[in-house]
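Scroll down for the structure; my scribbles are underneath it.
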Amino acid sequence: MNKFCFFIVLTVLLSCKKEPILNLDSFKISDPTDKEGEVIEIDTVLIAAFKSKSLIDFYKARENETVWQSEKNRKIILETIRKCEDEGLNPSDYNVVKLESFEKKFSELDEEELIDYDLQLTYNFEKYLKHLHNGKLNPRKLYNDWDLRIDELDTKSILNNALEKDSLMGEIEKCRPKALTYGKLIKALELINEFPEDKTQPIVSEDKIEHNQKHREIINIKKKLIYWKDLKSNDSLTSTYDDETFEAVKKFQTRHGLISDGVIGKSTKTAFNFTKEERKHQIIVNLERWRWFSKSFAPNYVLINIPDYSLNVVENQNITMTKRIVVGKIKRETPILTSMLQTIVFNPTWTVPPTILKEDYIPELIKDRNYLKNKGIGIYKSDSIEIDPSKWDKNRPRGYRYVQKPGKYNALGVVKINFPNRYSVYLHDTNHRNLFERNRRSLSSGCVRIEEPLELVRLLLDDPKKYSREKMDSIVSTRKTLFIGITKRYAIYQWYWTAWSENEKLIFREDIYNLDSDLYAQLRN
């Protein structure tokens with residue numbers, strides 16, 4: 001998986017000089033003559049019927065008259081909507097069939113129909129631009145733990161600029177997300193559409209299959225590897241797990257973020273059993289997510305991709321550090337958010353969160369009053385006086401604070417990194433450092449644990465002399481809590497995406513929070 005870490009961050013950097021995702025200049029207009037229709041005054045009752053403030057404001061600024069007299073502009077809009085499937089959007093959301101029927105008989109339309117066409121074209125084009133810029137759905141209405149700010153798109157200004165400057169194609173391009181990952185997802189959708197119908201059979205055996213074994217499923221596995229282009233076509237499909245297939249399986253595993261050991265176990269078989277359509281849906285939902293995400297990145301930032309278990313530091317468009325991370329388990333998901341890093345805390349105490357207290361600690365404490373004491377966790381009255389566990393009242397467990405003292409075996413390890421957010425989550429060290437060797441690392445209670453966090457802290461503090469590794473080790477050895485402000489500004493983007501492409505190859509990650517299929521269903525609702 002590490003070989004993709006560089007790419008993961010590279011693909012989110014902005015590029016002002018990159019080519020447009022869709023080449024609007026290639027749109028073919030059947031008649032190059034730009035035929036102008038007549039301008040017609042529109043009754044404001046007809047405009048108000050659409051119940052769209054942006055549409056009302058737009059027509060008011062245009063003196064409540066029809067605006068799409070230009071055949072060139074109408075056909076640019078129609079072709080853009082027709083081709084929106086190339087970006088994972090659905091043409092039927094924009095009433096494309098009705099719009100095209102109007103256009104086909106434009107010269108025959110009466111005044112009432114011309115007005116209806118003009119309003120329908122504006123309404124659906126506005127909707128398309130909003131979906132392109134911000135996504136069709138609002139993540140804050142879908143999820144409780146997605147804290148993303150959605151900027152309102154000023155379609156009135158966009159359409160006015162397009163008409164006044166005759167720059168419709170340029171205004172469309174301005175609405176499109178600029179992050180390179182979005183472009184890589186567009187490419188992924190193009191790649192998946194080139195695959196033929198998937199006629200391979202599911203892998204049903206539960207056996208673990210290893211190199212040089214003979215197994216009845218190997219032929220099906222080879223067919224899947226050939227279909228996904230990890231294995232070159234081979235006329236002699238046998239049931240032997242040979243060297244060529246072994247190398248192809250490792251390629252497949254790498255593309256899916258699995259341990260590339262060539263062992264065909266449960267995770268590899270699960271990845272094999274995704275169909276072409278399921279992978280296409282996965283790409284489409286990730287395109288939607290990138291329409292939700294920030295339209296521009298801070299100069300310096302920490303980027304976390306939760307399903308990839310990766311953290312990357314980017315400074316002035318250069319990757320300066322990559323770390324493996326542990327993220328929240330499915331019942332205690334790591335939230336999606338954007339914030340600014342604020343404070344380093346050496347030798348942090350840990351106050352047991354309510355959920356962990358209720359679900360994990362209180363049942364154990366009822367059975368054994370010394371359970372928390374053995375973990376270095378003190379029980380405190382509201383006046384911050386520590387009590388003996390024998391005096392703990394099991395009938396009012398929430399009447400206390402439960403605090404673990406600093407030290408190497410503290411749940412937060414020796415350091416944590418704070419940033420403002422409404423979920424009380426942060427980045428931190430851990431006392432379970434062996435977990436970073438696992439491939440699946442959705443194991444925490446919501447916060448993000450970082451491998452070798454002092455290396456990250458040294459970079460963030462941006463003063464290698466004052467905060468050398470030796471100095472930080474000496475601070476840790478005191479076991480005294482110390483707060484240090486981060487003076488260099490770093491944004492943090494704690495985000496979620498499970499698909500992209502690289503070098504003409506499709507890349508996928510496990511949808512650890514099971515969000516993809518439900519999101520696709522809502523997109524196509």
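The values are calculated or read from the model by the stated rules, or taken from the named source; none is laboratory data. Please read all numbers here as calculations on a predicted model, not as lab measurements. In this analysis, Cβ positions are derived from the backbone assuming ideal geometry, glycine residues included, and neighbour counts consider all displayed protein chains. All accessible areas refer to the heavy atoms of the entire protein, side chains included, with ligands and DNA or RNA removed. Shrake-Rupley method; radii C 1.70, N 1.55, O 1.52, S 1.80 Å.
A few notes on this one:
- Meets criteria (within 23 Å of LEU459 (Cβ to Cβ) and either among the small types (Gly, Ala, Ser) or open to solvent by 70 Å² or more (accessible area, probe 1.4 Å) (or both)) for LYS408: yes
- Subset of region 280-312 (residues that are closer than 14 Å to ILE492 by Cβ, open to solvent by 10 Å² or more (accessible area, probe 1.4 Å) and not small (Gly, Ala, Ser)): PHE297, PRO299, ASN300
- Taken across region 235-248, residues that are crowded, with 18+ Cβ neighbours inside 10 Å and either assigned to a helix (DSSP H, G or I) or at positive phi (or both) do occur, with at least one present.
- Within this structure, LEU121 passes the test of being under 25 Å from MET169 (Cβ atoms) and open to solvent by less than 50 Å² (accessible area, probe 1.4 Å).
- Among the conditions (1) farther than 30 Å from SER260 by Cα; (2) modelled with pLDDT of 95 or more; (3) touching a Pro at 6+ places or on another chain (Cβ under 6 Å), the only one that ASP429 does not satisfy is (1).
- Qualifying residue in region 202-215 (condition: more than 24 Å from LYS127 (Cα to Cα) and in a helix (DSSP H, G or I)): no
- Cross-chain or 6+ apart pairs with Cβ under 7 Å, region 60-85 first and part of a loop (DSSP other than H, G, I, E, B), then of a type in the set (Lys, Arg): TRP68/ARG74
- Looking across region 315-329, just one residue is free of Cβ contacts under 8 Å to residues at least 24 places away in the same chain, of a type outside the set (Asp, Glu) and assigned to a strand (DSSP E or B), and that is ASN318.
- Residue, nearest to the chain's Cα centre (by Cα), within region 446-461, restricted to residues that are open to solvent by 10 Å² or more (accessible area, probe 1.4 Å) and over 12 Å from THR322 (Cα atoms): CYS447
- Hits in region 313-325 (condition: surrounded by 23 or more Cβ atoms within 10 Å (Cβ to Cβ) and not aliphatic (A, V, I, L, M)): none
- In region 170-196, residue surrounded by the most Cβ atoms within 10 Å (Cβ to Cβ) [restricted to those that are modelled with pLDDT under 95 and part of a loop (DSSP other than H, G, I, E, B)]: PRO177
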